[in-house]
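Student: Before we start, here is the structure in question, set down as structure tokens.
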Protein chains: 2
Amino acid sequence: MHSKRAGNQTVVFKQPPVILAGYNVVGPKEGQGPLKDTFDMVLKDSYGQEKTWEKTEIKMLETSMTRAAAKANVPLDSVDYNLAGDLLNQIISSNYAARKIGLPFIGLYGACSTMALSTALGAMLIDGGFASKVLCSASSHHETAERQYRFPNEQGNQRAMYAQWTVTGAGSILLAAQGEGPKITSATIGRVLDYGETDTNNMGAAMAPAVADTILNHLQDLSRQPDYYDLIITGDLGTVGLQLLLEVLKRSGLQLSNNFSDCGVMIYSSEQDTHAGGSGCGCSAVVLTGHLLNKLKSRELQKILFVGSGSLHSSVSSQQGESMPAIGHAVSIEMS
Amino acid sequence: MHSKRAGNQTVVFKQPPVILAGYNVVGPKEGQGPLKDTFDMVLKDSYGQEKTWEKTEIKMLETSMTRAAAKANVPLDSVDYNLAGDLLNQIISSNYAARKIGLPFIGLYGACSTMALSTALGAMLIDGGFASKVLCSASSHHETAERQYRFPNEQGNQRAMYAQWTVTGAGSILLAAQGEGPKITSATIGRVLDYGETDTNNMGAAMAPAVADTILNHLQDLSRQPDYYDLIITGDLGTVGLQLLLEVLKRSGLQLSNNFSDCGVMIYSSEQDTHAGGSGCGCSAVVLTGHLLNKLKSRELQKILFVGSGSLHSSVSSQQGESMPAIGHAVSIEMS
């Protein structure tokens, strides 16, 4: 087997897997935001006819999986692997969605970096000869995350101005060995970095260094400058984290053009009172499967670097005084 | 890329990755059990000089990772990927261990099936041309699991006779594209099955059908009978689950020989009062990296099927009345 590795951390696909289709389901708040026209399904309320928010998130994820396959005209039972992850303890959203889907299942945990991680791994499974079709997904739900990580939703706690708002959303892509569509051309799996941030409201600050590290390694591994890409889009640093990322990259001597953005910054308008923007595995999942895929298919964007960013702490680790380790995973998606 | 798929769910490696070395760390109870001579490091108490049990589990996992690489004479920074998972919310044991290790990290959640999952994926990354060396790991800790899933340890709750005892243990293998040692020849990623079991003390019963499904698919995909293997070892069904598994397999028309066992059954003696045996991601991880690797290297075993089994519920899903979905992942390990 000839190595597909480039540099320290990057792999370049020999036969780049294709995104045949993407599908997403979001909550009402996301459905009122600037990207509202790019979502396939918008729930009327946070429950979407289920009895608990957790069951809602499971249902959203299951829907995005089945409909991504349907949109790609691929029978669900011809899909080789189902890769997914979410924020909930023991990734129950993914496990219970996978129970319904019935495909060989690989459960992932990468916090908000999960969509990039599932896409990177899915592409490796295909290009490695282990699959011809793979579903890659991620989800989050504002209310399930709030009550797990922070406070009961009913309490209506005030939020820090630099805090991000967990997106209610699930997104899936159907990756295939052959077909028409944007291609996954390379992937850079990130390292876990921790610069000592302990304020769990400030996840953007915790994640920025890890994301910078992955972007710098990716560009170095492939001898590219940032302007190789039409867009380098992180998900989800929010406004605070994005600013820090650009600062770190500048100090690292990188020539920055105006092609950086962040899914968490894009998904809500400033009138929506989400403070530093969106977060949660679902955020980059629904921006990828909606806005970004649309722009790629219309060729407004030809080459993007999609960089998932995850804060890898838990309530328990924070209670024990630990700082927040973080990670960034990057996949380049290109129209050929 | 020629497909490496066989049948419905199995992949066969073209250049089977090699287990260069394994390393494990266990707690005192495991160190007094029947497999005590197969463990590399035994902690004197459940804390192992750390201040919290969670920090102990992190340290154990980190130790197994670094020492597996050292035992294989592989510089840690030459390893391409670090794959790991555990039972704790947001897999903090793996995340914080990965922070120390500093390698590109892929976080997994498969409950007690994690060691088989990390091994299967690690082998795919190598045989797919994406890596030449990979660390595959899993861990659990009795006290961290008890207080997360069940009751405060200090409470000393009585346990059901059919309940399993979460193993305190961490195990890592160093997989490589080349070298001497047992080889990963094929892998079968499982589907999530749920037969409606709601008693969280009875995980063996929840997992048995999913494990049976994976074993049946594996054998069918490769046109093998169970006696192809010297040992088919599940991890971890415990005594109740193993009995159910054999029952399901018999009813499925499989000719069973006496080559079935379970890591959870092997790790404790009946005098150790663990009731139905061991469980937890660490159980199959330390049995694989100790007892099984030893037997393979001495050629007492030439061909084994290592089948990780995971119950994919959480406290929240159980509190919401959900039954327990489960999964089994299989890897065949052979001496050539």
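No lab work stands behind these numbers, since they all come straight from the coordinates. Just so it is clear, the model here is predicted, and its values are computed rather than measured. Virtual Cβ from ideal backbone geometry, glycine too; neighbours counted across all protein chains shown.
Student: Could you give the dipole magnitude of chain B about its Cα centre, charging the beta-carbon of Lys and Arg +1 and that of Asp and Glu -1, in debye to the nearest 20? The partial results should precede the final answer.
Tutor: Values: 26 positive and 31 negative charges, 151 e Å.
Rounded to the nearest 20 debye, it is 720 debye.
Student: A follow-up question, please. Compute the relative contact order of the stretch B:1-75 as a whole-number percentage, counting only Cα pairs closer than 8 Å that sit 6 or more residues apart in sequence. Write down the numbers at each step before the final one.
Tutor: Values: 64 pairs, mean separation 21.7, N = 75.
In percent, rounded to a whole number, it is 29.
Student: Across the stretch B:167-184, in residue order, what do the Karplus-derived ³J(HN,Hα) couplings come to in whole Hz, using 6.51 cos²θ - 1.76 cosθ + 1.60 with θ = phi - 60° and x for Gly and Pro?
Tutor: Residue by residue, the stretch B:167-184 yields 6, 8, x, 9, x, 9, 10, 9, 9, 9, 5, 9, x, 9, x, x, 10, 8 Hz.
Student: Here's something else I'd like to know. Please report how far the C-alpha centroid of the stretch B:1-69 lies from that of the stretch A:1-56, rounded to the nearest whole angstrom.
Tutor: A separation of 33 Å, based on Cα centres.
Student: Please give the calculated 222 nm ellipticity per residue for the protein assembly as shown, where each DSSP H segment of at least 4 residues contributes -39500 (n - 2.57) and the sum is spread over every residue; nearest 500 deg cm²/dmol?
Tutor: On the way: 22 runs with 218 residues, N = 672.
That comes out to -9500 deg cm²/dmol.
Student: If we count other beta carbons within 10 Å of each Cβ, what is the order of A:335, B:60, fewest first?
Tutor: Going from sparsest to densest Cβ surroundings: A:335, B:60.
Student: Taking the axis that carries chain A onto chain B, what is the nearest Cβ in chain A, and at how many Å, to the whole number?
Tutor: A:128, 1
Student: Determine the shielding of peptide A:109-116 by partner chains: average, over its residues, the number of Cβ atoms on other chains within 10 angstrom of each Cβ. Provide the component values of the computation, followed by the final result.
Tutor: Working: counts 12, 6, 4, 0, 1, 1, 0, 0.
What the average comes to for A:109-116 is 3.
Student: Okay, moving on. Determine the shielding of peptide B:44-52 by partner chains: average, over its residues, the number of Cβ atoms on other chains within 10 angstrom of each Cβ. Don't skip to the end; give the middle numbers.
Tutor: Values: counts 0, 0, 0, 0, 0, 0, 0, 2, 6.
Going residue by residue through B:44-52 and averaging, the value is 1.
Student: To one decimal in nm, how far is residue B:73 from the same spot in the other copies, if labels go 7 Å from Cα toward Cβ? Please give the shortest first.
Tutor: Between copies, matching label points for residue B:73 lie 5.6 nm apart.
Student: Still on this structure, please answer the following. Residue A:302's amide H: which non-local residues (gap 5+, or another chain) put their own amide H closer than 5 Å, with H modeled 1.01 Å from N in plane and none for Pro or chain starts?
Tutor: Placed amide hydrogens put A:230 under 5 Å from residue A:302.
Student: Among residues other than residue B:243 whose Cβ falls under 12 Å from its Cβ, what is the net charge (Lys/Arg +1, Asp/Glu -1)? Before the final figure, lay out the partial values.
Tutor: Details: positive: B:250; negative: B:247, B:262.
Here the count lands on -1.
Student: Moving to a separate point now. Sort the stretch B:17-176 into rounded, prolate or oblate with this rule: let a ≥ b ≥ c be the square roots of the eigenvalues of the Cα gyration tensor; rounded if a/c is under 1.5, and if a/c is not under 1.5, prolate when a/b is larger than b/c, oblate otherwise. Could the numbers behind the result be given before it?
Tutor: Details: a/c = 1.92, a/b = 1.74, b/c = 1.11.
It comes out prolate by the Cα gyration axes.
Student: Take each of the peptides B:217-223, B:324-330, average the number of other beta-carbon atoms within 10 Å over its residues, and list them starting from the highest.
Tutor: Values: B:217-223: 18.7, B:324-330: 30.4.
Going from most to least packed, we get B:324-330, B:217-223.
Student: Here's something else I'd like to know. Counting alpha carbon pairs within less than 8 Å and at least 6 residues apart, what relative contact order, in whole percent, applies to the stretch A:14-176? Don't jump to the answer; show the numbers that get you there.
Tutor: Working: 326 pairs, mean separation 52.7, N = 163.
About 32 percent, as a whole number.
Student: Neighbour counts of other C-beta atoms within 10 Å: give me A:3, B:336 arranged from fewest to most.
Tutor: Numbers: A:3 13, B:336 10.
Ranked by crowding around the Cβ, least crowded first: B:336, A:3.
Student: Towards the positive end of the charge dipole of the protein assembly as shown, with charges on Cβ (+1 Lys, Arg; -1 Asp, Glu), say which of B:64, A:333, B:243 has the farthest Cα.
Tutor: The listed residue farthest towards the positive side: A:333.
Student: Going by how many other Cβ atoms sit within 10 Å of their own, how do A:234, A:63 line up, fewest first?
Tutor: Working: A:234 33, A:63 21.
Going from sparsest to densest Cβ surroundings: A:63, A:234.
Student: While we're here: What percent antiparallel are the DSSP beta bridges of the protein assembly as shown, to the nearest 5?
Tutor: Numbers: 77 of 119 bridges.
Here the share of antiparallel DSSP bridges comes out near 65 percent.
Student: Across every pair of different alpha-carbon atoms, what Kirkwood hydrodynamic radius in Å does the stretch A:183-334 reach? Show your work: numbers first, answer last.
Tutor: On the way: mean 1/r = 0.0645 Å⁻¹.
It works out to 15.5 Å.
Student: Average partner chain C-beta neighbours within 10 Å, per residue of B:305-312? Please report the intermediate quantities before stating the final value.
Tutor: Working: counts 0, 0, 0, 0, 0, 3, 2, 10.
For this peptide, the per-residue mean of nearby foreign Cβ atoms is 2.
Student: Compute the relative contact order of chain B as a whole-number percentage, counting only Cα pairs closer than 8 Å that sit 6 or more residues apart in sequence. Let's see the in-between values first.
Tutor: Working: 896 pairs, mean separation 85.0, N = 336.
Rounded, it is 25 percent for chain B.
Student: Report, largest value first, the span of the C-alpha coordinates of chain A along each principal axis, in whole Å.
Tutor: Cα spread of chain A along its principal axes, largest to smallest: 55, 48, 36 Å.
Student: Also, quick follow-up: Show me the ranking of peptides A:256-267, B:248-259 by mean Cβ neighbours inside 10 Å, starting with the highest. Walk me through the numbers on the way to the answer.
Tutor: On the way: A:256-267: 21.6, B:248-259: 12.7.
The densest-packed peptide leads the list: A:256-267, B:248-259.
Student: When ranked by the protection proxy of mean other Cβ atoms within 10 Å per residue, highest first, what sequence do the peptides A:286-299, A:40-53 form?
Tutor: Values: A:286-299: 22.5, A:40-53: 15.9.
By packing density, highest mean first, the sequence is A:286-299, A:40-53.
Student: Let me ask you something else. In nm, what does the list of distances from residue A:47 to its counterparts in the other copies look like, shortest first, when each label sits 7 Å along Cα to Cβ?
Tutor: Values, ascending and in nm: 4.7.
Student: Along Cα-to-Cβ, 7 Å out, sits the label point; list in nm, shortest first, how far the one on residue A:271 is from those in the other copies.
Tutor: 7.6
Student: Could you go through the stretch B:143-158 in sequence order and give the Karplus-derived ³J(HN,Hα) for each residue, using 6.51 cos²θ - 1.76 cosθ + 1.60 with θ = phi - 60°, rounded to whole Hz, and x for Gly and Pro?
Tutor: So the J values, rounded to whole Hz, are 6, 5, 6, 4, 6, 7, 8, 10, 10, x, 4, 5, 6, x, 4, 6.
Student: Just how far, in whole angstrom, is the stretch A:137-170 from the stretch B:297-317 if you go by their alpha carbon centroids?
Tutor: First find each Cα centre; the distance between them is then 35 Å.
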